[in-house]
Amino acid sequence: MHMSFYAIPVDEARKLTSAKIAALLESPDTERTIDIDKAWHGIHFLLTGSADPTSDVRSKTLFGGKEIGDDLGYGPARLLLPDEVKKIAGTLKTESVEKLRARYDPNKMDALEIYPTIWSRDGIEALNYLLEHYVKLAVFYEKSAASGRAVLIVLS
């Protein structure tokens, strides 16, 4: 399972259908898309301390938005509107690599079955993997918010 994010102009976001989502997934605009690979669940844990979605804005970074379209294997895509994207981007600005590093607890992550369950085995390498993808994700949200775009989240 990996998670991808697509920055979508608002006018396009309002017209999204299952067919348009499928077309987007088949040929994404690399300027407006990022894939955080299998780091999604670990990043969520570093942001929230939880394996499951919470009501916290930080949780919405990965699990927010309204479901849209058909089930893509692990549920439908989720769409965040520009105001939600701005909130998330603002919240992520208050986070830092140091804060996330301090929250890294490989034993707890394995106990909570944070996907993929490699944390105790891979230690610091796994943490560096998460932090690298987190930084890319935070920059993506910042750029998306600055350009007033919606964000489509896809777990596949």
- Once all protein chains are kept in place, THR94 shows an accessible area at probe 1.4 Å, nearest 10 Å², of 80
- Query: How many percent of the accessible area of the chain is carbon or sulfur, using a 1.4 Å probe?
  - Reply: 51
- Message: If the only charges are +1 at each Lys and Arg Cβ and -1 at each Asp and Glu Cβ, what is the size of the charge dipole of the chain around the Cα centre, to the nearest 20 debye?
- Response: 460
- Low-density loop positions, GluC sites (Glu not before Pro), segment 48-115 - DSSP coil, at most 15 other Cβ in 10 Å: GLU113
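Which of rounded, prolate, oblate describes segment 56-156, given a ≥ b ≥ c as roots of the alpha-carbon gyration tensor eigenvalues and a/c under 1.5 marking rounded, otherwise prolate only if a/b is larger than b/c?
It is oblate, given that a/c is not under 1.5 and a/b is not larger than b/c.
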- Item | Ranking by accessible area, most exposed first, for TYR74, TYR115 with a 1.4 Å probe | TYR74, TYR115
- Message: Normalised by the empirical 2.2 N^0.38 Å for globular proteins, what value does the Cα Rg of segment 1-79 take?
- Response: 1.13
- segment 51-72 and segment 1-39: distance between their alpha carbon centers, rounded to Å: 15
- Item | segment 1-54: GluC sites (Glu not before Pro) falling in loop per DSSP and having at most 11 other Cβ within 10 Å | GLU31
- Would you calculate a helix-derived [θ] at 222 nm for the chain, using -39,500 (n - 2.57) for each DSSP H run of n ≥ 4 and dividing by the full residue count, to the nearest 500? -15500 deg cm²/dmol
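Rounded to the nearest whole Å², what accessible area per residue is found for the chain with the 1.4 Å probe? Could you put the intermediate results ahead of the total?
On the way: 7890 Å² over 156 residues.
On a per-residue basis, 51 Å².
The values are calculated or read from the model by the stated rules, or taken from the named source; none is laboratory data. As the structure is a prediction and not an experimental result, all values here were calculated from the model. Every residue, glycine among them, receives a Cβ derived from its backbone with ideal geometry; neighbour counts consider all protein chains shown. Keep in mind that these areas ignore ligands, DNA and RNA; they rest on the heavy atoms of the full protein, side chains included. Shrake-Rupley method; radii C 1.70, N 1.55, O 1.52, S 1.80 Å.
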